[in-house]
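Working notes, structure below.
Just so it is clear, none of the values below were taken in a lab; they were calculated from the coordinates. All values reported here derive from a predicted model rather than from experimental measurement. Here the Cβ positions follow ideal geometry from the backbone for every residue, glycine too, while neighbour counts run over all protein chains shown.
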Amino acid sequence: MAGMSRIPRLGVLGSGSGSNCQSIYEAIQSGELKAQIVVVMSDIPDAYILDRARSWGVPAEVIDCHGYKSKFPDEAQAAVAARLKEYDVDLVCLAGFMRLVKAPLLQAFPKRIVNIHPSLLPNFPGLHAWEQAVNAGAAESGCTVHYVDDGMDTGPILGQAKVPVLPDDTAATLHARIQVEEHKRYPAMIDKVLRELSV
Ligand code: GRF
């Protein structure tokens, strides 16, 4: 990364709707986040996150996972790493990306991959964290932004935001409340990471 001399370049990886990617894009548009999204990549060819990227004029690329449903094979990770390098990405932001990132990608971007997870980690890692919180009868939940390591939602925590779990919450209503916080916190945390990177 070239210090403060250029606008930091983000690569976003997602598998779904991309509302967090949208919040990053909007924070950039409003000047809150000094960065640019230079590529959005998805393992799901028809994921809405790719449509969003296209609507912004941002390159939208499909990750070839060689037919595996949930595995992220090493060759695919190496190919993604190479592609992100071609785009000269400074920071990789996972935004609803549903495959586990491992060595080929981690080694290409050490301490330069971040993720947002919909719980107060280390509580409720993994899938459907909002549903886990409701089922466990938790009094509060929230979201966590963290660096990515080779575990499942285990990397060093950058920041968290809490939301209450209300007595009549369903998984869907809790997730919606968590997402409101995600959309505020993720761009702010990315800004913080970029500032630290450029010191
Ligand atoms: C978010 O809740 C995020 O925390 C989790 O997956 C969801 C993605 O939502 N990792 P979206 O695709 O950003 O709308």
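Placing a pseudo-label 7 Å from each Cα along the Cα-to-Cβ vector at SER19 and LYS102 gives an inter-label distance of 3.2 nm.
Taking the chain as a Gaussian network of alpha-carbon nodes connected by springs under 10 Å, the highest mean-square fluctuation of the residues ALA81, ALA138, ALA60 belongs to ALA138.
Mean residue ellipticity at 222 nm, helices only, the chain: -11500 deg cm²/dmol; runs of at least 4 DSSP H residues each add -39,500 (n - 2.57), and the sum is divided by the number of residues. With θ taken as phi - 60° and the Karplus curve 6.51 cos²θ - 1.76 cosθ + 1.60 applied, the whole-hertz 3J(HN,Hα) list for segment 123-134 is 6, 6, x, x, 6, 6, 4, 5, 5, 4, 5, 5 Hz, x standing for glycine and proline. Using the Cβ-Cβ distance between LYS192 and MET152 with R0 set to 30 Å, the FRET efficiency from 1/(1 + (r/R0)^6) comes to roughly 0.80. Residues whose amide H lies under 5 Å from that of MET41, counting only those 5 or more places away or on a different chain, are VAL12, LEU13, GLY14, GLU61; hydrogens are built 1.01 Å from N in the peptide plane. Between amide H atoms placed 1.01 Å from N, distances below 5 Å from ASP149 occur with THR154, GLY155, all of them 5 or more places distant or on a separate chain. Of the residues HIS66, HIS128, HIS175, the one with the fewest other Cβ atoms within 10 Å heads the list, and the complete ranking is HIS66, HIS128, HIS175.
Sequentially through segment 164-176, phi angles give Karplus couplings (6.51, -1.76, 1.60; θ = phi - 60°) of x, 9, 8, x, 9, 5, 9, 4, 5, 5, 5, 4, 4 Hz, Gly and Pro residues having no value and appearing as x.
Shape annotation for segment 115-186: C-alpha extents along the principal axes are 35, 23, 16 Å, from largest to smallest. Computed 3J(HN,Hα) for segment 36-51, one whole-Hz value per residue from the Karplus formula 6.51 cos²θ - 1.76 cosθ + 1.60 where θ = phi - 60°, is 9, 8, 9, 7, 10, 10, 9, 7, 10, x, 9, 5, 5, 4, 6, 5, glycine and proline marked x. With Cα atoms defining each centre, segment 57-86 and segment 95-151 are spaced 19 Å apart in the structure. Restricting the calculation to alpha carbons of segment 1-119 gives Rg and Dmax of 13.5, 41 angstrom.
Look at the dipole of segment 56-169 built from charges on Cβ: of GLN107, GLN77, TYR147, the Cα furthest out on the positive end belongs to GLN107.
A straight Cα-to-Cα reach below 27 Å connects LYS184 with the lysines LYS34, LYS111, LYS162, LYS192, residues fewer than 8 places away in its own chain not being considered.
When the chain is treated as a Gaussian network with alpha carbon springs shorter than 10 Å, the biggest mean-square fluctuation among SER15, SER30, SER119 belongs to SER30.
Under the rule a/c < 1.5 gives rounded, and otherwise a/b versus b/c splits prolate from oblate, where does the chain land using the Cα gyration tensor?
Verdict is prolate for the chain.
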